[in-house]
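One structure is given below, encoded as C-alpha cells.
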Amino acid sequence: MSAISAKAASSAVELARKGVTRSRSARDAWEFVIRGLLGGTALISIAITVGIISILLRETIAFIQLPEIELTDFLFGTTWSPLLGAEKHFGIWPLICGTFLVSIVAAMTAIPLGLITAIYMSEYATARKRAILKPIIEILAGVPTVVYGFFALLVITPALQGACNFLFGTPIFSGYNAGAAGIAVGIMILPIVASLSEDAMQSVPRSLREGAYALGSTKFDVSVKVVTPAALSGIMASCFLAITRAIGETMVVALAAGGLAHMTLNPADQVQTMTAYMVQIFLGDAPAFGVENLSSYAVAMVLFLVTLVLSIIGNILLNRYREVYE
Amino acid sequence: MSAISIRTRRILKNRAFLALCLFSTSATILILALLIASIMVQGSYFLFNSDALSAVFAHGELSQLTKIIRWEFLTNFASRFPEKAGIYAAVIGSLWVCAICALLALPLGIGTAIYLEEFAPKNRWTALVDFNIRNLAGVPSIVYGILGLTAFTRMFGLFGSDKNSALSFGPDNAWWHIQLPFGQGLLAGGLTLMLVVLPIVIISSREALRAVPSSLRQASLAIGATPWQTASKITLPAAIPSILTGAILAMSRAMGEAAPLLVIGIPVFIANTPDNLNDNFTVLPFQIFNWAGRPQESFHQLAASAIVVLLIALICFNGVAVYLRQKLRKPLA
C-alpha cells in the first residue's frame, strides 16, 4: 500500500518538475548558493572553537617558555603570588582550589533545592501549579550574574555574618568569602538543575509509574525509587552542566569572593577563583604585556579545559537519556 | 499490627516528603522575593525623590507626580559624586551594543540552525558540528572575552596596536566610521557578545525548527518545492514565534553580560555617548559591577538603582517575547 502511494507521489513530483523545466537550472544554481551560504554560517561555530583553542594554546606556550616559569611549578605548585613580593610564584592549585570551593558550595545549594523542586513540579504539582512555578524559576535564570554578585556581597555576606554573630558571638565570615559567593552562584544555577531534571523526569514513560502504583506504591516511592533512577542520566547531566556554569561564573566571584589566592576549603575565608584572577589582570592591575598578562591566558586555558571536559560529560549523559526515552 | 505500622510509616514518609517539596519550592520563590526586595530597598534612594513622594502621597499634590522619579539618574553621566551620578552613557552603550550583537548573531545563528536542520546530511561531520555547538554553550563567557580581545580588539596585531590604528574607513563624524583594529569600540563589543550568544541562538532556533511537524515539509517537497523554498516559505514561518522567543532570551543574556566586555577593556567612566561604530562605550552591567565593588554605601545604592533599571529593561524584553509568542502562534497540523 505504502509502496504504491510512494510511487504515486514520486510520479507527481516528476510531473511538477516537468512544468518548471525552463527555470530549473537557475533554480538549482540558486539552491546551491543558498546551501553554501548556510553551510558557511555553520562553519563559523567550528571557527570559534578553533580560534579559542589556538589563541589559548599560543599564549600558554609563550607563558611556559618564559625563563621564570617552570611547567611543573605551574601544574603542581601550591603558591600563586604573581603580583606580590619580589619572588613570584605561579602554581595553579590555589586558584583551582578556590574555584572548586565556590563550585562545591554552589552545588550543595543548587542540587538539593533544584532536584526536590524538579520532583515536586514533575510528580506532585498540578498542571496549573507547574504552569505558574516554571516561569518563576526561569526568572532566576534570566537575572544577570552581576546582580547575583551584588546580592552575594551586600545581602548574603551580611546575613551570614549576622547569623554567626548571633549564634557564636563572632561574625566568622570575612567581608569577602567563598560561602556567600557560592550560595549566590548556587541560586544562579538552580534553574538549570530544576528545569533540565524536570524535563528528564517528564520523559520517563507513564507505564513505569503506573506499574509502581499498581504494586501499591505511594507517590514518594514512585518519585524517589522509580522516576528518579529512571531519569538518572538526565539528572546527572543537569548537575554537570550546572557545575560547568558555576566554574565559569565570573562577576559573582569577582565581586564577592575576594582576591587572595591560597589553599583553603573554609567557606568563611576569602578565595580567588580562576575567573576572578583573570578579571583582576584584565581590569588593569597588571601591565598589559609580560608575565602577569600571559599567566592569565594560561589560567584561561586550564579553565577552558575543565569546563570543556565537564560539558562533554554532561552532553554525553544528556544524549544517553534522550536515546532511551525519546 | 505490624502491617498497619508499616503502612502508616509509608504514608507518613510520603507526607513528610511532600512537606519537604513544598518547603524547598517555597524557599526558591522566597529567595527570588528577597533578591528583588533587597535591591528595591537599596535602589530606591537614587531612583525616587523623597520630597516629591511625600508631597504626592502625604499632601496629595498631584502636580509633583512626574517629579517622583529622579530623572537625572537616567540622564546624567557617571560621576565621582553619587548625588550627580547617572547611567545615561551605560544605557545608551548597552542598547547600541545589543543592537549590533542582535544584527550579527541572529542571521548567523538562525542560518546555522536552518542548515543543520533542513539541509545537512546526517553524517559524522554534522554530528561533530552539533556536538561542538552544544559544548560552546558551556564555555565560560570570560573565555569568549579573550577571543574577542585577540580577534577583534587587537585583530591579531595585523593592523598595528589597538591604540594607534593603521586603517580607517569613512569620515570621522559618520556613524559608520570604522578603524582596524576595532579597539574597545562598539563593533568589537558587539562581535564579542555575538560569540557568547551565538550557541544559544543556534540551539533554541534548532529546537524551534525541529518542533515543526515534518508532514508540512513533506507536503511542500512533494509538490515540487526545493529544500530552500520549503525552508524559507514553510518551515521558517511556522517556527518564527519560537525562534523569536529564543532570540529575545539570548539578547537578554547579552544585555546582562559584563565579563567578556571587561576582558576587551571597555572603560568604566565615559562622558559621552558613542558617535560611530568605533567609539568607546560602557554597558549597564559593567557600571553596576564598578559601583558595587566600591566601599562607600552610596555607591552600593547607585548600583542597586542601576540594577532596578536593568531588570525593568529585561522584564520589558521578556514581556515582548511572551506577547510575540502569543500573537504569532498558529496551530500547526
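Throughout, read-outs are computed from the coordinates displayed, never taken from laboratory work. Fair warning: this is a prediction, and the values are worked out from it, not measured in the lab. Counting neighbours? That spans all protein chains shown, and the Cβs are built from the backbone with ideal geometry, glycine included.
Testing the spin-label approximation: label points 7 Å from Cα along Cα→Cβ at A:Leu232 and A:Thr78. State their distance in nm.
Label at A:Leu232, label at A:Thr78, 3.5 nm between them.
Suppose every K and R has +1 on its Cβ and every D and E has -1 on its Cβ; what is the size of the dipole of the range B:205-296 about the Cα centre, in Debye to the nearest 20? List each step's numbers first, then the result.
On the way: 6 positive and 4 negative charges, 85 e Å.
I would put it at about 400 debye.
How high is the FRET efficiency from B:Val41 to A:His89, r the C-beta distance, R0 35 Å, rounded to 0.05?
Numbers: r = 44 Å, r/R0 = 1.25.
It comes out at approximately 0.20.
Ranked highest first by the average count of other Cβ atoms within 10 Å around their residues, in what order do A:179-187, A:260-268 fall? Kindly include the intermediate steps, with their values, before the conclusion.
Values: A:179-187: 29.3, A:260-268: 17.4.
Going from most to least packed, we get A:179-187, A:260-268.
Report the full-extension gain for the segment B:Phe48 to B:Lys84: residue separation times 0.36 nm, less the Cα-Cα distance, to one decimal in nm.
Numbers: separation 36, 0.36 × 36 = 12.96 nm, distance 1.39 nm.
Here the segment from B:Phe48 to B:Lys84 would lengthen by 11.6 nm.
With a 10 Å radius around each residue's Cβ, average the other Cβ atoms per peptide and rank B:11-24, B:99-112, highest first. List each step's numbers first, then the result.
Details: B:11-24: 15.1, B:99-112: 20.9.
Highest mean packing first, the order is B:99-112, B:11-24.
Suppose every K and R has +1 on its Cβ and every D and E has -1 on its Cβ; what is the size of the dipole of the range B:2-69 about the Cα centre, in Debye to the nearest 20? If you can, show how the numbers build up before the last one.
Working: 6 positive and 2 negative charges, 194 e Å.
Roughly 940 debye for the range B:2-69.
Using only atoms on other chains, find how many Cβ atoms lie within 10 Å of each Cβ of peptide A:110-118 and report the average. Could the numbers behind the result be given before it?
Values: counts 0, 0, 2, 6, 2, 1, 9, 7, 3.
Across the residues of A:110-118, the mean count of other-chain Cβ atoms within 10 Å is 3.
Quick one: angle between helix A:178-202 and the longest Cα principal axis of chain A, in degrees between 0 and 90, rounded to 10, please.
That works out to roughly 20 degrees.
What is the gain in length, in nm to one decimal, between B:Ser168 and B:Gln296 on full extension, counting 0.36 nm per residue of separation less the C-alpha to C-alpha distance? Spell out each step's value before the answer.
Numbers: separation 128, 0.36 × 128 = 46.08 nm, distance 4.21 nm.
Taking B:Ser168 through B:Gln296 to full extension adds about 41.9 nm, to one decimal.
Measuring from label point to label point, each 7 Å out along Cα→Cβ, what is the B:Gln218 to A:Val291 span in nm?
Result: 6.8 nm between the two label points.
B:Leu95 to A:Lys225: FRET efficiency via 1/(1 + (r/R0)^6), r the Cβ-Cβ distance, R0 51 Å, to the nearest 0.05?
Numbers: r = 52 Å, r/R0 = 1.02.
Computed FRET efficiency for B:Leu95 and A:Lys225: 0.45.
Can you give the angle from 0 to 90° between the axis of helix A:21-65 and the longest principal axis of chain A, with both taken from C-alpha atoms, to the nearest 10?
The answer is roughly 20 degrees.
Nearest 20 debye, what's the magnitude of the dipole of the range A:14-147 about its Cα centre given +1 on Lys and Arg Cβ and -1 on Asp and Glu Cβ?
Its charge dipole is roughly 1240 debye.
Go through B:Phe57, A:Ser25, B:Leu191 and say which Cα lies farthest out towards the positive end of the charge dipole of the protein assembly as shown; charges sit on Cβ, +1 for Lys and Arg, -1 for Asp and Glu.
Projecting each Cα onto the dipole axis, the largest value belongs to A:Ser25.
Against the longest principal axis of chain A, how steep is helix A:127-142, in degrees 0 to 90 to the nearest 10, with axes from Cα atoms?
Result, in degrees: 50.
Test of understanding: extend the Cα→C-beta vector of A:Leu66 to 7 Å, then name every residue of the range A:81-115 with backbone N under 13 Å from that spot.
The answer is A:81-84, A:87-92, whose backbone nitrogens lie closer than 13 Å to the label point.
When you look at the Cβ of every residue in B:28-36, what mean number of other chain Cβ atoms sits within 10 Å? Please report the intermediate quantities before stating the final value.
Numbers: counts 13, 7, 0, 8, 7, 1, 5, 11, 3.
Per residue, the number of nearby Cβ atoms from other chains is 6 on average.
How well do other chains shield peptide B:12-25, expressed as the mean number of their Cβ atoms within 10 Å of each residue Cβ?
6
Subtract the Cα-Cα distance of A:Ala131 and A:Leu43 from 0.36 nm times their separation in residues, and report this length gain in nm to one decimal. Mind showing how you got there, number by number?
On the way: separation 88, 0.36 × 88 = 31.68 nm, distance 3.81 nm.
27.9 nm is the gain from fully extending A:Ala131 to A:Leu43.
Among A:Gly162, A:Gly216, A:Gly98, which one shows the biggest mean-square fluctuation in a GNM of chain A, springs joining Cα atoms closer than 10 Å?
Answer for the Gaussian network model of chain A: A:Gly216.
State whether the protein assembly as shown is rounded, prolate or oblate according to the following rule on the C-alpha gyration tensor (a ≥ b ≥ c being the square roots of its eigenvalues): a/c under 1.5 gives rounded; otherwise a/b larger than b/c gives prolate, and the remaining case gives oblate.
Values: a/c = 1.43, a/b = 1.12, b/c = 1.27.
In terms of gyration-tensor shape, rounded.
Return the single residue from A:Ile48, A:Ile235, A:Ile189 with maximal mean-square fluctuation; model: Gaussian network over chain A, springs between Cα atoms under 10 Å.
The residue that fluctuates most here is A:Ile48.
Would you look at the GNM of chain A, springs on alpha carbons closer than 10 Å, and say which of A:Ser311, A:Ser203, A:Ser45 moves the most?
Highest fluctuation of the listed residues: A:Ser45.
Between B:Val322 and B:Leu30, what is the FRET efficiency for a Förster distance of 25 Å, r being their Cβ-Cβ separation, to the nearest 0.05?
Values: r = 24 Å, r/R0 = 0.97.
Step by step, r from the Cβ atoms, then E = 0.55.
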